[in-house]
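The values are calculated or read from the model by the stated rules, or taken from the named source; none is laboratory data. For clarity, every value in this text was computed on a predicted model and none was experimentally measured. With ideal geometry, Cβ positions are generated from the backbone for all residues, glycine too; neighbour counts draw on all protein chains shown. When the accessible area is computed, the model is the full protein with side chains, heavy atoms only, and any ligands, DNA or RNA have been set aside. Shrake-Rupley method; radii C 1.70, N 1.55, O 1.52, S 1.80 Å.
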Amino acid sequence: MFRPLRFLFPFFLAGVAYAQGPISGFPVAKGETAIALGYSREAFDVYLLPEDQRENREVTTVGYSLFLERGMSDNTSLVATLPYLRANDRPGSLQDASLWLKYLNLENRAGRACHRLFTAVGLSFPVGNYETAGITALGQRALVFQGRLAYQYQHDSGWFLHGQTGIDFQFSPASQTAWPVLLRTGYGGKYFYVEGWAEFVTALAGGAGPMTAAVGTGSSWQRLGATLYIPLQDWVGVVAGGAWVLDGEFIGKSERVNLGVVFKF
């Protein structure tokens, strides 16, 4: 019951929740392509600063995102993301695209369970001439190298457990480093997929971070989220989710809702 959805539900996780990261714990078959189109709305009225300081700011960020994953071989896939963001009543813009190579290092079955280990490397780079200063800034126009190591335990019943970590190193406009950790658990069956996740990002050096909920290297945060996916056909499904920033530095204490549609070819 779990297998028919294995090529679908990994892809919307990043496509409609871009801040969570684009690397899933599910493999993509050679020649398979998944495309996710997403909408998100994120809002906050409190901006978190170091040493438990806060500022009152009202910012609402609306985002549209494109996510694509293509199976290049039995073990390797190409991942691409492209978000469009708009904050408050300011003009919107394409923000930072990313390109990744994702590699399945290990796939080992033990009874009714499967253990998988992935590595991925990516580069995030600006593609829009967006604002970088003020409370409605969409980011830093940063060039960032990203590396990930991901492990997933998956049971044939549909239940899975996922963890990943790595490093984000920003080359420009200033040198900054961040340590991300992402934990997921959920269930995927014939008629639905549901998951909960927790994300922890720690800035290791430098920077004041971006000014809005469009966070990046230079900010630290702890965030919880949940996702529900419903397949409509073998090749298409819809998704809804939410996320909440619990604490952090240089980030809005935001709430986010997201909707999306996923296609598989």
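Brief remarks on what is shown
- Residue match in the stretch 66-74 (condition: assigned to a strand (DSSP E or B), in contact with a helix residue (DSSP H, G or I) (Cβ under 6 Å, 6 or more places away or on another chain) and open to solvent by less than 50 Å² (accessible area, probe 1.4 Å)): yes
- Within the stretch 92-142, tally of residues that are of a type in the set (A, V, I, L, M), open to solvent by 60 Å² or more (accessible area, probe 1.4 Å) and under 16 Å from Ser172 (Cα atoms): 3
- Among the candidates Gly31, Gly25, residue that is modelled with pLDDT of 90 or more and part of a loop (DSSP other than H, G, I, E, B): Gly31
- Given (1) over 19 Å from the mean Cα position of the chain (by Cα); (2) open to solvent by 40 Å² or more (accessible area, probe 1.4 Å), index of the condition Ile35 fails: (1)
- Scanning the stretch 223-265 for residues that are touching a Ser or Thr at 6+ places or on another chain (Cβ under 9 Å), assigned to a strand (DSSP E or B) and among the hydrophobic types (A, V, I, L, M, F, W, C) returns Val239, Ala240, Ala243, Trp244, Val245, Ile251, Val257, Leu259, Phe263.
- Single condition Ala14 does not satisfy, out of (1) modelled with pLDDT under 75; (2) among the small types (Gly, Ala, Ser); (3) in a loop (DSSP other than H, G, I, E, B): (3)
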